[in-house]
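The values are calculated or read from the model by the stated rules, or taken from the named source; none is laboratory data. Treat the numbers as computed from the prediction; the structure is a model and nothing was measured. Ideal geometry is used to build each Cβ from the backbone, glycine not excepted, and the neighbour counts take in all protein chains shown.
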Amino acid sequence: MGEYYGYAGSVLSIDLTTGEIGSERLDLDVARGFIGGLGVNIRLGYDLIRPGVDPLSPENVVVIGAGPLVGTAAPGSSRVYSLTKLPANDAVGWGGGGGMNFGCMLKNAGYDHIVIRGRADEPVYISISDDEAEIVGAGSLWGKSIGRTTDELKETYGASSGVLAIGQSGENLVRFSMAFIDKLSTIGRGGLGAVMGSKNLKAIVARGTKGVRVADRKRFREILKGLYERIWRYPKRVDAQRYGFLNFMPVVPKEDYLELKKARVACVGCPIADKEILLIRKGRFKGFTKYTGAFVNTLLPYIYGGLGYDECVKLTDIMDEYGLDMFETFELLKFAENLHRKGVISDEELGGRPIRFDNYESLAEWFDNIAYRRGFGNVLAEGFKRVLEEYGEQSDYTPCVVKGLVAYQSVRGPVFSKTFTPFELGLIVHPRGPASAPGGSSPLYFTFGRPLDWIKRHFDRLGIPRDAQERILTEKEGMAINVGRLTKYAQQFLYICGSLGTCGRGQINRFYSLETFANLYSAATGFETSGEQLMIASERIFNLEKAINMREGFTRKDDVFPERWFEKPMHLDYYEKVEITRDIAYGLLDDYYDERGWDVEKGVPTKEKLIELGLRDVAEDLEKLGIL
């Protein structure tokens, strides 16, 4: 197999039914073809997840992985990815989380990936330490929140250990429940928490001392030196470190945030520290401390009900401790409130407790009802795919749902955006449905109306070929930027980030270019690789993820824009000159498929495209199944 550099070199395999634990060497040919982390997860998932499997059955498989830069000194490289069949919408999909300590410790323990099968008879957690793993009884942890579970495991295994855990909503198989990494980073939108709960798996704890070797230390150090110099020279670095997401999303006055901020928190190796600890200093919850991946996340209760900051922070903490996806939870409650107002569901069905978005006690009680599947909360815990099947035609409120999940950022979403960027299109075309950063890494998300020469520099950073740039910048319907064609490359750049293990958030992502990634990967692994080769590998990964979901029945018929997006006022293009009508939106969808080299009518890769990307075995599989 040869020496491993960048990679830890092993894939851990655990069968919770039999208790069997084993490992095998990471196949370096697979690693080179799929980079690592997210990419290798998807290759493993294609091979191991049986088409049509029930997401909550023991036969479903969970894959967790960290890329070759995780555990090195590359800034912002701690990202961890999961892959499983999701119970919220029956797609096979990934979840990405800031790895905090977990990603680094997994690599330091000697593993790049974990493959989990089966179902334990009793609650358990997995302990991983320096080439060893064991299944440990978790009876004392079952029923506890994510925060308490994480704290107790860190007390046992040390503060530097990394913990991936679920809360009560995962235990009770709420189909849109998530897991958390070190109680700060969400992972697994679409139901990873429920999949772990169905396996009686409460948590995974990792710690290790082995370190991660790089092939060319001198070259690696020189690249890092240049990166850190860029970071220290960045004129808005101090503001990024002080205010976090408020620099991009100024949704509240900065002085209000500073009154709540206690400290910034960083994943291992991050010089920006984009996560935070909040302290409520006044009001009914004075003295309460909240760990969060971003302050703006705590404002969702404010958007829906206008509650005070203190109540918003506390309500968000309740959801996080249970492991509830806040976007799904709030939209489901809004949908149920409408059904009740119309008389479709009775006071008795709501247990005599109406849903009130302006009332803290009402929301806290309904979070509890969903997490524990009490009363009508049991219905809502099934998620939108199933709720809409039963009640969809009886409601005046039509949620913006795509592939069974809330399209949360749009002109009609809880996260408001008036422009139509790769993010909004990505919510529609992502193979697994709306995800974190579904449209990839793009300069357009929070930099509205910049001049074209500025945009072109970022296109170069992303490694977009010049002929593709010409197509993107060819005026269409009065729009200077073709979002349909751009989205492919924004997604490809993010998939490189995910496969290497670097953060996709703009605060750190902005300092990386395709060329930098290629040089870092080459120096770390010893596999001399160009930016063009990384881009091809990333395209291979994305097409394989699409192929997995083609086996599950997903095609163009599922890439449907919410009709509410076409009500006035509609999205505008990047320069706010053109309304994105239904015809324009679906024209951009055609352009997206065309730029990917897919069958435009079916919205899927062609046999020729899969073979071109080195996925002949996949093309043959899909052909045998009658899908191609």
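Summary table below
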quantity: Which listed residue is farther than 20 Å from Asn172 by Cα and assigned by TED's automatic domain parsing to the domain that holds Lys282, from Lys314, Lys342, Lys334; calculated: Lys314
quantity: Residue within segment 27-34 that is over 22 Å from the mean Cα position of the chain (by Cα), part of a loop (DSSP other than H, G, I, E, B) and surrounded by fewer than 19 Cβ atoms within 10 Å (Cβ to Cβ) present; calculated: yes
quantity: Qualifying residue in segment 377-392 (condition: assigned to a strand (DSSP E or B) and touching a residue at least 40 places away in the same chain (Cβ under 8 Å)); calculated: no
quantity: Enumeration of residues in segment 366-393 that are closer than 30 Å to Arg284 by Cβ and crowded, with 19+ Cβ neighbours inside 10 Å; calculated: Trp366, Phe367, Asn369, Ile370, Ala371, Phe376, Gly377, Leu380, Ala381
quantity: Failed criterion for Arg117 (all others in (1) within 30 Å of Tyr228 (Cα to Cα); (2) touching a residue at least 60 places away in the same chain (Cβ under 8 Å); (3) out of contact with any Cys (no Cβ under 7 Å at 6 or more places or on another chain) hold); calculated: (1)
quantity: Selection from segment 252-278 of residues that are in contact (Cβ under 8 Å) with a residue 24 or more places away in the chain, among the β-branched types (Val, Ile, Thr) and surrounded by fewer than 16 Cβ atoms within 10 Å (Cβ to Cβ); calculated: Val252
quantity: Breaking point among (1) modelled with pLDDT under 95; (2) at positive phi, for Leu246; calculated: (2)
quantity: Candidates Ile508, Ile548, filtered to the one that is touching a residue at least 12 places away in the same chain (Cβ under 8 Å), over 25 Å from Ser78 (Cα atoms) and assigned to a helix (DSSP H, G or I); calculated: Ile548
quantity: Residue within segment 354-372 that is in contact with a Gly (Cβ under 8 Å, 6 or more places away or on another chain), part of a helix (DSSP H, G or I) and among the polar types (S, T, N, Q) present; calculated: yes
quantity: Residue within segment 434-453 that is more than 28 Å from Leu246 (Cα to Cα) and in contact with a Phe, Trp or Tyr (Cβ under 6 Å, 6 or more places away or on another chain) present; calculated: no
quantity: Any hit, segment 70-79, residues being assigned to a strand (DSSP E or B) and either assigned by TED's automatic domain parsing to the domain that holds Ile14 or under 16 Å from the mean Cα position of the chain (by Cα) (or both); calculated: yes
quantity: Residue within segment 281-299 that is crowded, with 20+ Cβ neighbours inside 10 Å and either charged (D, E, K, R) or in the same structural domain as Ile187 (by TED's automatic domain parsing) (or both) present; calculated: yes
quantity: The lone exception for Lys290 - which of (1) closer than 19 Å to Thr316 by Cβ; (2) under 21 Å from the mean Cα position of the chain (by Cα); (3) without any contact (Cβ under 8 Å) to a residue 40 or more places away in the chain it fails; calculated: (2)
quantity: Of residues in segment 490-505 being part of a helix (DSSP H, G or I) and in contact with a Phe, Trp or Tyr (Cβ under 8 Å, 6 or more places away or on another chain), the one surrounded by the fewest Cβ atoms within 10 Å (Cβ to Cβ); calculated: Gln492
quantity: Per-region count, segment 1-25, residues closer than 19 Å to Ile126 by Cβ and in contact (Cβ under 8 Å) with a residue 24 or more places away in the chain; calculated: 13
quantity: Residue check for Val411: in contact with a Ser or Thr (Cβ under 8 Å, 6 or more places away or on another chain), outside the structural domain of Leu572 (by TED's automatic domain parsing) and not aromatic (Phe, Trp, Tyr); calculated: yes
quantity: Selection from segment 45-69 of residues that are surrounded by fewer than 22 Cβ atoms within 10 Å (Cβ to Cβ), assigned to a helix (DSSP H, G or I) and in contact with a helix residue (DSSP H, G or I) (Cβ under 9 Å, 6 or more places away or on another chain); calculated: Tyr46
quantity: Ala120 vs. criteria hydrophobic (A, V, I, L, M, F, W, C), surrounded by 24 or more Cβ atoms within 10 Å (Cβ to Cβ) and more than 21 Å from Gly36 (Cβ to Cβ); calculated: no
quantity: Criterion (assigned to a helix (DSSP H, G or I) and among the basic types (Lys, Arg)) met by exactly one of Lys286, Lys282, Lys290, Lys334; calculated: Lys334
quantity: Restricting segment 93-133 to residues that are part of a strand (DSSP E or B) and aromatic (Phe, Trp, Tyr), the residue that is farthest from Gly553 (Cα to Cα); calculated: Tyr125
quantity: From the options Asp130, Asp112, residue that is in contact with a helix residue (DSSP H, G or I) (Cβ under 9 Å, 6 or more places away or on another chain), farther than 18 Å from Gly193 by Cβ, in contact (Cβ under 8 Å) with a residue 24 or more places away in the chain and surrounded by fewer than 19 Cβ atoms within 10 Å (Cβ to Cβ); calculated: Asp130
quantity: Which listed residue is assigned to a loop (DSSP other than H, G, I, E, B), surrounded by 21 or more Cβ atoms within 10 Å (Cβ to Cβ) and at pLDDT 95 or above, from Phe554, Phe542, Phe527; calculated: Phe554
quantity: Filtered residue count, segment 236-265, keeping only those that are of a type in the set (A, V, I, L, M), closer than 30 Å to Pro68 by Cα and out of contact with any strand residue (DSSP E or B) (no Cβ under 7 Å at 6 or more places or on another chain); calculated: 2
quantity: Hey, Asp47 of a type outside the set (Gly, Ala, Ser), over 27 Å from Ala273 (Cβ atoms) and in contact with a Gly (Cβ under 6 Å, 6 or more places away or on another chain) or not; calculated: no
quantity: Candidates Ile231, Ile166 - the one that is buried (at least 19 other Cβ atoms within 10 Å of the Cβ) and β-branched (Val, Ile, Thr); calculated: Ile166
